[in-house]
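What follows is a set of notes on a single structure, which appears directly below.
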Amino acid sequence: MTPGRWYRISGDGPDLDLPPTPRGTRTLRDTDPAGDRALNRAPGFKERLRRLLGRRPHSPWQGKSGFPAITEAWNGAVFASRFGASGSMIVFGGGHDDYFGSSVHAFDIATRQWSRISDGYVSGGANEYGEGAVYPDAAYPDGSPLPPHTYAYVQYDPVGNDYLLFKGQTELGPDVKATPIPRMFNLDSLAWRRGETSLGGLGSGGCTTWDATRRILWGHSGDSGNGFTGFRPDGDNGDGTFGLWTALHPKKIRTADHNAMAFDPVRDIVAVIAAQAIRSMPSIREPRSGESRGFSSSGDRPEISEYAALEYAPNGKRFVYYSANDGPHVYSIAAPAGAEWPELTAGTWNWG
């Protein structure tokens with residue numbers, strides 16, 4: 001493989017002389033529960049004709065946009081290192097009026113195949129999805145959560161082998177209603193469990209990062225909540241909920257929607273993409289200590305974009321930045337020499 005180049009690894013003609021993957025596993029669309037006749041029978045002649053013509057099947061849970069919204073409608077994904085021999089990308093979402101299905105899907109890196117690992121709530125009638133279908137616990141009758149726009153609100157805990165979802169929805173539709181109820185999907189049991197309800201608001205457009213050192217899911221709630229808080233997923237509360245919230249600290253980021261964040265365990269900081277800059281939250285040792293601070297940086301720096309991705313690369317001890325606006329280019333952000341507690345962002349960070 002050549003550095004700086006993207007490769008196709010699945011489908012009927014992968015790169016790198018890889019063999020084609022089996023039909024029915026090549027794309028995420030292949031795993032759409034609406035296309036499974038056992039889950040979604042055609043109710044009449046018109047629907048049977050649609051399917052015979054190769055058109056996307058209708059389903060009670062399709063919403064306005066249907067299954068493609070699971071990736072296209074402001075939804076993110078996580079890499080689960082312990083699901084499959086080489087790990088898998090886990091996909092869940094929908095949200096607003098776009099898609100109401102709660103199935104979970106995985107792309108296995110070793111087999112290079114897509115699969116549906118949980119069907120979600122597929123037994124309801126049309127009136128049990130979308131506008132007017134209210135679920136105060138933010139979950140369908142089968143226990144799967146109503147799918148929000150996940151944004152960067154999803155993370156992975158490799159110790160628990162859990163997919164973590166920071167917030168929930170009590171109703172989907174044009175006037176979507178969010179609620180601060182987190183959910184955890186265990187990739188061993190393939191079952192959901194409910195987190196404790198937060199006292200603070202969590203709106204749309206926020207972002208999170210997983211702190212493996214403290215086992216806390218740190219998150220910022222977006223402009224509609226503009227608060228920084230954390231959720232510990234461990235522990236049974238004895239009332240059907242799991243985990244505990246940390247304190248809520250407001251007004252940490254001035255432009256708070258459509259950002260991304262990542263945790264650097266070496267310097268003990270959370271870095272955030274915000275307001276055309278990479279900023280550092282106050283050290284999470286002292287989350288009360290003021291607003292976020294901008295990084296001073298140099299090098300081959302792109303224009304910082306909304307909806308970009310930010311991750312921490314432990315082998316290189318640096319952040320990795322990617323935005324589709326920059327084409328195939330992936331950037332690294334290296335810390336200045338000697339940048340450590342308490343001068344966490346002293347000096348100039350370098351883009352490359």
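Just one of ALA271, ALA337, ALA346 is modelled with pLDDT of 70 or more, outside any strand (DSSP E or B) and small (Gly, Ala, Ser); which is it?
Within the list ALA271, ALA337, ALA346, the selection yields ALA337.
Mind checking which pairs have a first residue in the stretch 17-37 that is under 15 Å from GLY66 (Cα atoms) and a second that is among the basic types (Lys, Arg) and buried (at least 17 other Cβ atoms within 10 Å of the Cβ), Cβ under 7 Å, 6 or more apart or different chains?
If the second residue must be among the basic types (Lys, Arg) and buried (at least 17 other Cβ atoms within 10 Å of the Cβ), the pairs left are THR31/ARG116; PRO33/ARG116.
Determine if the stretch 129-144 includes at least one residue that is assigned to a loop (DSSP other than H, G, I, E, B) and either under 22 Å from THR246 (Cβ atoms) or not assigned by TED's automatic domain parsing to the domain that holds ALA34 (or both).
Taking the stretch 129-144 as the starting set, the residues that turn out to be assigned to a loop (DSSP other than H, G, I, E, B) are 129-138, 140-144.
Pick out the ones that are also either under 22 Å from THR246 (Cβ atoms) or not assigned by TED's automatic domain parsing to the domain that holds ALA34 (or both) and you get 138.
The answer is yes, given that some residue of the stretch 129-144 is assigned to a loop (DSSP other than H, G, I, E, B) and either under 22 Å from THR246 (Cβ atoms) or not assigned by TED's automatic domain parsing to the domain that holds ALA34 (or both).
Limited to the stretch 229-258, what total is found for residues that are among the small types (Gly, Ala, Ser), at positive phi and out of contact with any Phe, Trp or Tyr (no Cβ under 7 Å at 6 or more places or on another chain)? Working first, answer last.
We begin by selecting, within the stretch 229-258, every residue among the small types (Gly, Ala, Ser); these are 230, 235, 238, 240, 243, 247, 256.
Restricting the remaining residues to those that are at positive phi gives 235, 238, 240, 243.
Among the residues that remain, those that are also out of contact with any Phe, Trp or Tyr (no Cβ under 7 Å at 6 or more places or on another chain) are: 238, 240.
Summing the residues that are among the small types (Gly, Ala, Ser), at positive phi and out of contact with any Phe, Trp or Tyr (no Cβ under 7 Å at 6 or more places or on another chain) in the stretch 229-258 gives 2.
I'd like to know if the stretch 72-85 contains one or more residues that are part of a helix (DSSP H, G or I), modelled with pLDDT under 95 and closer than 22 Å to HIS149 by Cβ.
Yes, because at least one residue in the stretch 72-85 is part of a helix (DSSP H, G or I), modelled with pLDDT under 95 and closer than 22 Å to HIS149 by Cβ.
Is there a residue being assigned to a loop (DSSP other than H, G, I, E, B) and within 28 Å of PRO158 (Cβ to Cβ) anywhere in the stretch 35-54? Steps first, answer last, please.
Of the residues in the stretch 35-54, the ones assigned to a loop (DSSP other than H, G, I, E, B) are 36-44, 53-54.
Remaining after also requiring within 28 Å of PRO158 (Cβ to Cβ): none.
Looking for residues that are assigned to a loop (DSSP other than H, G, I, E, B) and within 28 Å of PRO158 (Cβ to Cβ), one finds none in the stretch 35-54, hence no.
Taking the conditions exactly as written (assigned to a strand (DSSP E or B) and more than 23 Å from SER81 (Cβ to Cβ)), does GLN155 satisfy them or not?
Numbers: assigned to a strand (DSSP E or B): yes; more than 23 Å from SER81 (Cβ to Cβ): no.
No, not satisfied.
Here is a check on your reading of the model: is TYR121 at pLDDT 95 or above, in a loop (DSSP other than H, G, I, E, B) and assigned by TED's automatic domain parsing to the domain that holds MET89?
Values: at pLDDT 95 or above: yes; in a loop (DSSP other than H, G, I, E, B): yes; assigned by TED's automatic domain parsing to the domain that holds MET89: yes.
When the stated conditions are applied, TYR121 passes them.
In this structure, is ASP234 more than 16 Å from ASP162 (Cβ to Cβ), modelled with pLDDT of 90 or more and not aromatic (Phe, Trp, Tyr)?
On the way: more than 16 Å from ASP162 (Cβ to Cβ): no; modelled with pLDDT of 90 or more: yes; not aromatic (Phe, Trp, Tyr): yes.
So ASP234 does not fit the description; no.
The values are calculated or read from the model by the stated rules, or taken from the named source; none is laboratory data. Just so we're clear, the structure is a prediction, and the values are computed from it rather than from any experiment. FYI the Cβ positions are ideal-geometry reconstructions off the backbone, even for glycines, and counts take in every protein chain you see.
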